[in-house]
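These notes are about the structure you will find just below.
Each value in this text was obtained by applying a stated rule to the coordinates, not by laboratory testing. The model shown is predicted, which means the values in this text are computed figures rather than measured ones. Here the Cβ is made from the backbone with ideal geometry for all residues, glycine too, and neighbour counts use every protein chain on show.
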Amino acid sequence: MKRIVVTGGAGFLGSHLCRQLLDEGNEVLCVDNYYTGRRSNLVDLLSNPLFEIQRHDVCFPLYIEADEIYNLACPASPIHYQFDPVQTTKTSVHGAINMLGLAKRIKAKIFQASTSEVYGDPEVHPQPESYWGNVNPKGLRSCYDEGKRCAETLFFDYHRQHQLIIKVARIFNTYGPRMHPNDGRVVSNFIVQALQGEPITVYGKGTQTRSFCYVDDMINAFIKLMDTRDDFTGPVNLGNPDEFTILELAEKVIKLTRSKSKIVFNPLPHDDPTQRQPDIKLAKKKLNWTPKVKLEDGLKETIKYFRELI
Ligand code: NAD
Ligand code: UDP
Ligand code: UDP
């Protein structure tokens, strides 16, 4: 049995990760300030004696003991990370420093939830880990993109300077049950709108692309990455390479929900990346992992969740 800390454990990905780690027989401490996360994501775990929650903001030091740390704390939806952009950068950067300082003191392995946003609006397609990206340092998305890039820098400097065992995952768009209904990300927005018979809000012309990974596949990859040899640091892309336009996604959601909702076209947000698809050769080789869940199947599960919730 390992003692594992999950920061951001009350959020979408974090709550799935806590559940999976507990299922595997570990002791789990969820650390979260509930900025975008919810206790309701964890209700079924509260009676488990191996599970504990600590309300804490990772921008402040944390003194605990553990064998492994998964650092997921950070708002992930553009609406939420742009609401208080200074706080977003602080969470990524001060949060990384504190969790790395903690990992250094207690000699724990540490995982960082980085993002495909480190590639910005990519000019190389699909994106391999060797691509340095095309990021605007002063735009509306920069608080998140540059915060996550700086966090990667800190992880690699703690690795080089203090010999920390680090695991850096560059996560591409992930969806599934327990996304917040007002999260603002495209999959949850479209499903909630379709189920409520509201217009489906496509931003721009809907020709921009994304590659959507189902949450169960992603959580398997996190745990496999943590379990790689100590000398494997990443960064490693994690995502499903099947690429769709946003318009195609809207049409799929309408079909699967049998909704009467109509598509409306709203303005495209600033610096919205035009295309995104992970090159996952490295993940295949090092983790022996490929995503298994097709978009339609994952959407059906997610629709079922939102149908019960709404
Ligand atoms: P989420 O918003 O559901 O979860 C983030 C969690 O972090 C929430 O529970 C929130 O309350 C907590 N949090 C935020 N600031 C905090 C702070 N200062 N101290 C403690 N807790 C704090 O988002 P998610 O989709 O679960 O994303 C989890 C991680 O994965 C994030 O770091 C995100 O950047 C990364 N990521 C997610 C995706 C995706 O598609 N879901 C893609 C790329 C990267
Ligand atoms: N830290 C923490 N928990 C610990 C150890 C450190 O939160 O158990 C934080 C502390 O705020 C510190 C930061 O991590 O400032 C970085 O730690 P490090 O040892 O790298 O540097 P320091 O600032 O202590 O010189
Ligand atoms: N998007 C959209 N309608 C919505 C929400 C998002 O058309 O209601 C678009 C958004 O402009 C982007 C894509 O869907 O091109 C993915 O957006 P999301 O916020 O989910 O994540 P991103 O990949 O941009 O961080």
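Using a Förster radius of 45 Å, what is the FRET efficiency between K104 and K262 based on their Cβ-Cβ separation? Nearest 0.05, please.
Numbers: r = 54 Å, r/R0 = 1.21.
It comes out at approximately 0.25.
Between rounded, prolate and oblate, where does segment 1-151 land on the alpha carbon gyration tensor, with a ≥ b ≥ c its root eigenvalues, rounded for a/c under 1.5, else prolate if a/b exceeds b/c?
Values: a/c = 1.82, a/b = 1.72, b/c = 1.06.
Here segment 1-151 falls in the prolate category.
Got a sec? Which residues in segment 125-165 would a label at D84 touch, if it sits 7 Å along Cα→Cβ and we count backbone N under 17 Å? Residues 143-144 fall inside that zone. Across the chain, the longest piece that holds none of the GluC sites (Glu not before Pro) lying in DSSP loops with up to 16 other C-beta atoms within 10 Å covers 124-310. Seen through its C-alpha gyration tensor, with square-root eigenvalues sorted a ≥ b ≥ c, the chain comes out prolate because a/c lies at 1.5 or above while a/b is bigger than b/c.
For the pair segment 254-271 / segment 1-52, the C-alpha centres are spaced 33 Å from each other. In terms of its C-alpha gyration tensor, segment 271-310 has an oblate overall shape, because the principal axis ratio a/c (a ≥ b ≥ c, square roots of the eigenvalues) is not below 1.5 and a/b does not outweigh b/c. Angle check, please: helix 215-226 long axis (alpha carbons) against the longest principal axis of the chain (alpha carbons), in degrees 0 to 90, nearest 10. Compared with the principal axis, the helix lies near 20 degrees.
Calculate the FRET efficiency for D272 and K252 from the Cβ-Cβ distance with a Förster distance of 25 Å, rounded to the nearest 0.05. The value I calculate is 0.80.
Residues T174, T209, T201, ranked from the fewest to the most other C-beta atoms within 10 Å, line up as T201, T209, T174.
So what's the net charge close to T228: Lys and Arg +1, Asp and Glu -1, counting the other residues with Cβ under 14 Å from its Cβ?
Details: positive: K109, K167, K224, R229, K284, K285, K286; negative: E68, D227, D230, D231.
So the surrounding residues net to +3.
Only helical DSSP H runs with n ≥ 4 go in: add -39500 (n - 2.57) per run for the chain, normalise by residue count and round the 222 nm mean residue ellipticity to 500 deg cm²/dmol.
Values: 9 runs with 117 residues, N = 310.
After summing the helix terms and dividing by the residues of the chain, the value is -12000 deg cm²/dmol.
Relative to the longest principal axis of the Cα atoms of the chain, helix 295-309 runs at roughly 90 degrees.
Please give me, ordered by residue number, the trypsin sites (Lys or Arg not before Pro) of segment 97-176 that lie in loop per DSSP and have at most 15 other Cβ atoms within 10 Å.
Values: sites: K104, R105, K107, K109, K138, R141, K148, R149, R160, K167, R170; in loops: K107, K138, R141.
Sparse-neighbourhood loop trypsin sites (Lys or Arg not before Pro): K107, K138.
Looking at segment 147-285 alone, DSSP beta bridges between its own residues are antiparallel in about 25 percent of cases. Length gained on full extension, L46 to S130, computed as 0.36 nm times the residue gap minus the Cα-Cα distance: 26.1 nm.
Among F60, F190, F306, F232, sorting on how many other beta-carbon atoms sit within 10 Å of each Cβ, with the fewest leading, yields F60, F232, F306, F190.
For segment 39-74, the list of chymotrypsin sites (Phe, Trp or Tyr not before Pro) that fall in a loop by DSSP and count at most 16 other C-beta atoms within 10 angstrom reads Y63.
Over the chain, what is the percentage of antiparallel beta bridges among all DSSP beta bridges, to the nearest 5? Don't skip to the end; give the middle numbers.
Details: 3 of 38 bridges.
For the chain, the DSSP antiparallel bridge percentage is about 10.
What does the charge add up to near T174, with Lys and Arg as +1, Asp and Glu as -1, over the other residues with Cβ less than 11 Å from its Cβ? Could you put the intermediate results ahead of the total?
On the way: positive: R185, R210; negative: D216, D217.
So the environment of T174 carries a net charge of 0.
Using 0.36 nm per residue of separation minus the Cα-Cα distance, give me the extension gain between E65 and M1 in nm, one decimal. Before the final figure, lay out each step's value.
Values: separation 64, 0.36 × 64 = 23.04 nm, distance 1.41 nm.
Extra length available between E65 and M1 comes to 21.6 nm.
Annotation for segment 93-114 versus segment 199-233: alpha-carbon center distance of 22 Å.
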